[in-house]
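Working notes, structure below.
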Amino acid sequence: MRASLEKVALRPGESFACREFRLPRFDSPFHFHPECELTLVEASHGLRFVGDSIERFEAGDLVLLGSNLPHYWTNPPDWRGPARSVVVQFPLDLLGTGWLDTPEFAAVRRLLVKAGRGVHFRGRAAAAAARRLRTMTGLAPFARLQLLLETLHALAAAPGARLLASAGFAPAMGVEDEGRLGRVLDYVNQRAAEGVQQRE
């Protein structure tokens with residue numbers, strides 16, 4: 001199983017995507033895209049794959065993914081749904097070139113560098129960000145952009161944030177790397193019902 005390139009679709013008047021998903025189960029394949037992604041799981045549980053990280057997830061899971069970082073969430077075979085999430089996908093040049101080099105966005109820049117390995121949030125910071133994300137889907141474009149920037153700024157200072165993929169993981173994988181990772185993912189998926197030990 002190889003990671004596939006996903007094209008993030010934008011609606012008229014949007015510079016980034018903000019979507020709420022309600023599905024019987026999470027059905028996206030192992031994929032990547034140039035956009036960064038902030039994903040909140042509202043209802044579901046199963047396994048989360050980010051780069052070479054494989055962990056259990058449950059409702060409330062909040063993860064920031066960097067550009068071109070392969071990922072997907074999958075439910076166990078006995079999952080009966082629904083699976084609900086809020087997903088925000090934004091390009092690194094969201095505000096044009098150079099915006100992340102300004103002093104005002106220094107903390108956000110550092111956060112997005114860390115997001116190259118995936119960042120998992122928990123505690124009060126994650127709960128506050130989750131409230132913002134739930135609100136964001138119903139806002140007008142400018143208000144939505146403003147709230148995204150506020151959310152990223154708050155998460156940049158969040159205590160207890162944890163990196164997911166290993167330090168040696170490279171998002172730009174070669175064919176041999178993809179094949180090796182694909183075999184691991186296939187093995188884990190086939191045995192998901194038996195349980196997978198989470199790395200602490």
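The values are calculated or read from the model by the stated rules, or taken from the named source; none is laboratory data. As the structure is a computational prediction, the values presented were derived from the model and not from experiment. All Cβ positions, glycine included, derive from the backbone under ideal geometry; neighbour counts span all protein chains shown. These area figures cover heavy atoms from the full protein model, side chains too; ligands, DNA and RNA do not enter into them. Shrake-Rupley method; radii C 1.70, N 1.55, O 1.52, S 1.80 Å.
Largest accessible area first, the residues Asp101, Asp93, Asp52 order themselves as Asp101, Asp93, Asp52 under a 1.4 Å probe with ligands, DNA and RNA left out.
Keeping the other protein chains in place, figure out the carbon and sulfur percent of the accessible area of region 1-160, with a 1.4 Å probe. Solvent-exposed carbon and sulfur of region 1-160 make up 56 percent of the total.
The Ala167 and His45 beta-carbon pair, evaluated with R₀ = 35 Å, returns a calculated FRET efficiency of approximately 0.80. So if I take the centroid of the Cα atoms in region 1-35 and the same for region 52-90, what is the distance between those two points in Å? When both Cα centres are located, 12 Å separates them. The radius of gyration of the Cα set in region 79-146, together with its Dmax, comes out at 14.5, 47 angstrom.
Checking every one of the GluC sites (Glu not before Pro) in region 17-70 against DSSP loop status and a limit of 11 other Cβ atoms within 10 Å picks out Glu58. Residues in region 39-53 carry Karplus couplings, in order, of 10, 10, 8, 8, 8, 2, 7, x, 10, 10, 10, 9, x, 9, 9 Hz; the curve used is 6.51 cos²θ - 1.76 cosθ + 1.60 with θ = phi - 60°, and Gly or Pro positions show x. With all protein chains kept in place, the per residue accessible area of region 66-174 amounts to 49 square angstrom at a probe of 1.4 angstrom. The heavy atoms of Thr102 present about 50 square angstrom of accessible area, all protein chains included, probe 1.4 Å. Using the alpha-carbon centroid of each, what span in Å lies between region 135-152 and region 99-113? Going from one Cα centre to the other spans 18 Å. Pop the C-beta distance of Arg124 and Arg2 into the FRET formula with R0 = 41 Å and round what comes out to the nearest 0.05. Efficiency at R0 = 41 Å is approximately 0.60. Among the trypsin sites (Lys or Arg not before Pro) in region 1-68, those located in a DSSP loop and surrounded by at most 12 other Cβ atoms within 10 Å of their own Cβ are Lys7. The loop-placed trypsin sites (Lys or Arg not before Pro) in region 57-153, going by DSSP, that have at most 11 neighbouring Cβ atoms within 10 Å of their Cβ come out as Arg80.
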